[in-house]
Amino acid sequence: MAGTVFILGAGASRSAGAPLITNFLDSAFDLCERVGLGEGEKRDFELVRVGLNALQLAQSKARLDITNLETVFDAFEMAALVGRLGDLESEQVARLPEAMRTLITVTLEQRIRLPGADGGMYPCPVYQSFAEMISQLRHETKLWPGVITFNYDVCLDHAFYCVRVPSTYHLSESDQQDRVNLLKLHGSLNWAHCPECRTVQERSLSDLLARLRLRPGGTTRRLEVAAKTVRSFECRKCGKRDGQLMIVPPTWAKARYQAPLQPVWAAAAAALRGAENIFVCGYSLSETDTFFRYLYAVGSIGAATLRRFWVFNPDRSLEGRFREFLGQQAEGRFQFHGMDFENMVRHVAQEMAGEV
Ligand SMILES: [Zn+2]
């Protein structure tokens, strides 16, 4: 049971180069113009553009924020489920979620740059500080903090690996204990899903890193793992080889994702229930994110232990949204800090050092 839980959103990966949810699509199409994409990737980007236009036309009937990555991903999933979106051919509609996955993966892997030198690759400095803080908290409190993240990228996973913090994704109930739980609620660029037996399996980072061909020279590196995860997939249960990258949109009521991700979500609810401190960073709790709202409500029922619910975000306009979300629970526990991830790490480390 974790005494301290960190909840990380897209803002946490910003310093590594990842776009925020609200400028993700612009960033993706801008990238498409500037870097040489493969034929398949170009086709997928184009299909997302066609899908977006169809959504735009539908705006008179339903108000969707189509500049928001998660809203669009959700809408495409729904379109594929019902087999319809504007004038698109049915094969196009069916391919929309997959095209969206390509766009997300390519954009994250192209935009995120890690420091490199002497033919090596080093963790993103902010995530490295965060990983070291986690290790320090474990040392001082004898408890591993838990991390719940909405991010698909593997920057934190990589930092844990480099700093030698043992972590587990908790993809099965039997996952090892005495590790930091890295709970990726929306999946990860190194997870694949077997369509046959509906399980999610991770590719270990050490394995993927060993296959990464780093060019000598250069001061930045790209952490490209998604294609290798899918290409080398072989289901440990049924042996099937064509796995799908496991990154899912935020909507929660999706039967196709419930079973495979259930252990992760259950672990997140348990972590919230046992939390004494919850530190939220770079996560905006958008109005449409019903999944987290329900998870928190269910997870925190009966929680008498909560002392701090602190939110860190440079966007101060979010304070009211969190205060309203917490309601009476905010009383004496809630604090809002207009800080980015880097300053949050420093601030929390100081605060917690005073605890012991
Ligand atoms: Zn299988």
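Once the convex hull of all Cα atoms in the range 228-356 is built, its volume per residue stands at 164 Å³.
Only four residue types carry charge here, +1 at the Cβ of Lys and Arg and -1 at the Cβ of Asp and Glu. Report the dipole size of the chain about the Cα centre in Debye, rounded to the nearest 20.
520
Only Lys, Arg, Asp and Glu carry charge here, each on its Cβ (+1 for the first two, -1 for the last two); on that basis the range 135-240 has a dipole of about 420 debye about its Cα centre. A straight line joining the Cα centroids of the range 205-222 and the range 4-21 runs 22 Å.
Its Cα gyration tensor gives the chain an equivalent ellipsoid. The semi-axes, each the square root of 5 times an eigenvalue, are 31, 25, 21 Å from largest down. Largest first, the extents of the alpha carbon coordinates of the range 158-279 on the three principal axes equal 47, 38, 26 Å. Listed by chain and number, the aspartates and glutamates whose alpha-carbon sits under 19 Å from that of LYS184, ignoring those within fewer than 8 places in the same chain, are GLU70, ASP74, GLU109, ASP153, ASP157, GLU173, ASP175, GLU202, GLU224, ASP289. When each of HIS170, HIS337 is scored by the number of other beta-carbon atoms lying within 10 Å, the sequence from fewest to most is HIS337, HIS170.
Between the range 67-95 and the range 311-343, the alpha-carbon centres lie 34 Å apart.
By the beta-carbon count within 10 Å of each Cβ, the least crowded to most crowded order of HIS347, HIS186, fewest first, is HIS347, HIS186. The per residue volume of the convex hull around the alpha-carbon atoms of the range 24-111 is 84 Å³.
Values of log10 I(q)/I(0) for the range 292-356 across q = 0.12, 0.19, 0.26 Å⁻¹ run -0.35, -0.86, -1.21, by the Debye formula with one identical scatterer at each alpha carbon and no solvent.
FYI, it's all coordinate maths here, none of it is from the lab. The structure presented is a predicted model; accordingly, all values stated were derived computationally and were not measured. All Cβ positions, even for glycine, are placed from backbone atoms using ideal geometry, and neighbour counts span all protein chains on display.
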